[in-house]
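One structure is given below, represented as structure tokens, and several questions about it will come after.
The values are calculated or read from the model by the stated rules, or taken from the named source; none is laboratory data. Just so it is clear, the structure is predicted and the values come from calculations on it, not from any experiment. Backbone-built Cβ (ideal geometry, glycine too); neighbour counts: all protein chains shown. All accessible areas refer to the heavy atoms of the entire protein, side chains included, with ligands and DNA or RNA removed. Shrake-Rupley method; radii C 1.70, N 1.55, O 1.52, S 1.80 Å.
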Amino acid sequence: MTIPLVVGVDGSEASLEAVDWAADEAVRHGVPLHLLHAAVRDHRASDVIDAASERVRKGAPTVRLSNEVLHEDATAALLGKGRNAFALVLGSRGFGDLAGMLLGSVSLAVAARADCPVVVVRGAAEHRYARFGSVVVGVEEGEGSGTAVRFAFREAHVRRCRLVAVHAWSAPPDASDSPRALPSYTPETCRRPPARVLDDALCGASERYRDAPVNRRVIEGPARHALLGAAAEADLLVVGARRRQGHPGLQLGLVNHAVLHHAPCPVAVVPRI
């Protein structure tokens, strides 16, 4: 049995936008869609899930649809479903969030702890409905981006669009500024050239998804600025996340927090396997 794409529903406008996005995504990948409404106390629960289900049936009648109401904490319920999900899809804000919040508390908690990819649907309609023909993925130094790169290539493949791979870097400080520095032992001397970092990260997945055109961007400067700039003309922004040593959850970091709060398009946080 194919594992489903799971979308959290609470009746808010943001969650309904997530339902629409998830329905389109389920069609693209040919996977079932499961709607989940979770709340400790909610007398409107059946109305909320029924309305969301009807929305999917009208907008994407071919989707294999199921739904569920759980009377428990929303974060815990979503994390539980995420252990056997293609991905979790959430709105950027729910009914329970404070006015002025850029990202809802449930969405942030789930993105930081889920075992599967989490997509936070945000941005204007032009970004949510694949009008730019572009998926952006952030590539970092080290081994942390592999799963995110594969996820992004697969998205570009099913969407028949281009992949924009972004690697941001900063020049190391001038060793001459520190008379005690030993250049032959400094970490900077062991770093790969930025273009090589990007090429190495893309190598395996690009062989598998040869039909996805790739635009490589090596940008000197802060990663959050580079990614948010690329996302301005993107349908989806993909970032990776490492496991935290000795703690449950993921290492989201400042860059991931920045894109989750400020990206103009949906953001996928993909845990490193």
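Could you check, for segment 107-115, whether at least one of its residues is open to solvent by 60 Å² or more (accessible area, probe 1.4 Å), closer than 29 Å to P264 by Cβ, in a helix (DSSP H, G or I) and of a type outside the set (G, A, S)? Break it down stepwise before answering.
Keep residues of segment 107-115 that are open to solvent by 60 Å² or more (accessible area, probe 1.4 Å), which gives 113, 115.
Subsequent filtering for residues that are closer than 29 Å to P264 by Cβ retains 113, 115.
Applying the additional criterion that residues be in a helix (DSSP H, G or I) yields 113.
Filter once more, so that each one left must be of a type outside the set (G, A, S): 113.
The answer is yes; a qualifying residue exists.
Every residue in segment 141-180 that is of a type in the set (G, A, S) and either open to solvent by less than 30 Å² (accessible area, probe 1.4 Å) or modelled with pLDDT of 80 or more (or both), please. Talk me through it step by step, then tell me what you get.
So the first thing to find is which residues in segment 141-180 are of a type in the set (G, A, S), and the list is 142, 144-146, 148, 152, 156, 165, 168, 170-171, 175-176, 178.
Within segment 141-180, G144, S145, G146, A148, A152, A156, A165, A168, S170 meet the criteria.
While we're here: Scan segment 189-213 and report the pairs whose first residue is farther than 20 Å from E155 by Cβ and whose second residue is assigned to a helix (DSSP H, G or I), with Cβ atoms within less than 7 Å and a gap of 6+ or a chain change.
If the second residue must be assigned to a helix (DSSP H, G or I), the pairs left are T189/P183.
OK, next. From A77, A85, which residue is touching a Pro at 6+ places or on another chain (Cβ under 7 Å) and under 18 Å from S107 (Cβ atoms)? Outline the logic, then answer.
Numbers: A77 fails: touching a Pro at 6+ places or on another chain (Cβ under 7 Å).
None of the other options fit; the residue is A85.
Now for a different question. Take segment 1-14 and flag every residue that is out of contact with any strand residue (DSSP E or B) (no Cβ under 7 Å at 6 or more places or on another chain) and either surrounded by 18 or more Cβ atoms within 10 Å (Cβ to Cβ) or assigned to a helix (DSSP H, G or I) (or both).
Going residue by residue through segment 1-14, those that are out of contact with any strand residue (DSSP E or B) (no Cβ under 7 Å at 6 or more places or on another chain) are 1-3, 11, 13.
If the condition is that a residue be out of contact with any strand residue (DSSP E or B) (no Cβ under 7 Å at 6 or more places or on another chain) and either surrounded by 18 or more Cβ atoms within 10 Å (Cβ to Cβ) or assigned to a helix (DSSP H, G or I) (or both), then G11, E13 are the ones that fit.
Residues in segment 55-73 that are of a type outside the set (V, I, T) and more than 17 Å from R28 (Cα to Cα): how many? Write out each step before concluding.
First, pick out the residues of segment 55-73 that are of a type outside the set (V, I, T): 55, 57-61, 64-68, 70-73.
Now drop any that are not more than 17 Å from R28 (Cα to Cα), which leaves 55, 66-68, 70-73.
Qualifying residue count, segment 55-73: 8.
How do the strands (runs of 3 or more DSSP E) wholly within segment 15-91 filter down when requiring 3 or more residues that are in contact with a strand residue (DSSP E or B) (Cβ under 7 Å, 6 or more places away or on another chain), of a type in the set (A, V, I, L, M, F, W, C) and crowded, with 18+ Cβ neighbours inside 10 Å: which remain? Reasoning before the result, please.
Values: elements: 33-38, 65-70, 87-91.
Hits in segment 15-91: 33-38, 87-91.
Among the candidates L16, L36, L65, which residue alone is among the aliphatic types (A, V, I, L, M) and in contact with a Leu (Cβ under 6 Å, 6 or more places away or on another chain)? Walk me through how you get there before you give the answer.
Numbers: L16 fails: in contact with a Leu (Cβ under 6 Å, 6 or more places away or on another chain); L36 fails: in contact with a Leu (Cβ under 6 Å, 6 or more places away or on another chain).
Of the residues listed, the single one that is among the aliphatic types (A, V, I, L, M) and in contact with a Leu (Cβ under 6 Å, 6 or more places away or on another chain) is L65.
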